[in-house]
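Participant: Quick one: this structure, given as structure tokens, is what I'll be asking you about.
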Amino acid sequence: MAGRGGRAHEGRTFVFELFFSQYGGRATYTVPTRALANDKYAQWKSKNWRVGISTGDRLENPDAPLIVATLETQRQNILSGKINGLFVIDEYQ
């Protein structure tokens, strides 16, 4: 965020984390690349959040209340309307 020395996406993540910690339901947080998905997964695991991950080559803990995923893995859910809970698209490329 400008003025804080951070990257722009850190502000969006911060807002999501505040909301999700209050929301307490199910959420899917999508990112454009596997590398970002792995980073978010590790970040939220380090906070002891129950989190799963879904990328083209990795699927772990798919029943967790929070799933971090690449947008490509969620395409069918979007098109079929099978989205449960909060659905966040961090970046679209």
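The values are calculated or read from the model by the stated rules, or taken from the named source; none is laboratory data. What you are looking at is a predicted structure, and each value in this text was computed from that prediction instead of being measured. FYI the Cβ positions are ideal-geometry reconstructions off the backbone, even for glycines, and counts take in every protein chain you see. Each accessible area value is taken on the protein alone, full model and side chains, heavy atoms only, with ligands, DNA and RNA left out. Shrake-Rupley method; radii C 1.70, N 1.55, O 1.52, S 1.80 Å.
Participant: Identify all residues within region 17-36 that are modelled with pLDDT of 90 or more and open to solvent by less than 70 Å² (accessible area, probe 1.4 Å); write none if there are none.
Facilitator: The answer is 17, 27, 28, 29, 30, 31, 32, 33, 35, 36.
Participant: So, in region 62-93, how many residues would count as being free of Cβ contacts under 8 Å to residues at least 24 places away in the same chain, assigned to a loop (DSSP other than H, G, I, E, B) and surrounded by 13 or more Cβ atoms within 10 Å (Cβ to Cβ)?
Facilitator: Number of matching residues: 1.
Participant: Pairs, please: C-beta under 8 Å, at least 6 apart or cross-chain, first residue more than 13 Å from residue 17 (Cα to Cα) and in region 41-57, second among the small types (Gly, Ala, Ser) and open to solvent by 90 Å² or more (accessible area, probe 1.4 Å)?
Facilitator: none
Participant: Among (1) among the aliphatic types (A, V, I, L, M); (2) open to solvent by 70 Å² or more (accessible area, probe 1.4 Å); (3) under 17 Å from residue 12 (Cβ atoms), which single condition is residue 59 missing?
Facilitator: Result: residue 59 passes all but (3).
Participant: For region 25-47, name all the residues that are under 14 Å from residue 65 (Cβ atoms) and part of a strand (DSSP E or B).
Facilitator: Residues satisfying the conditions are 27, 28, 29.
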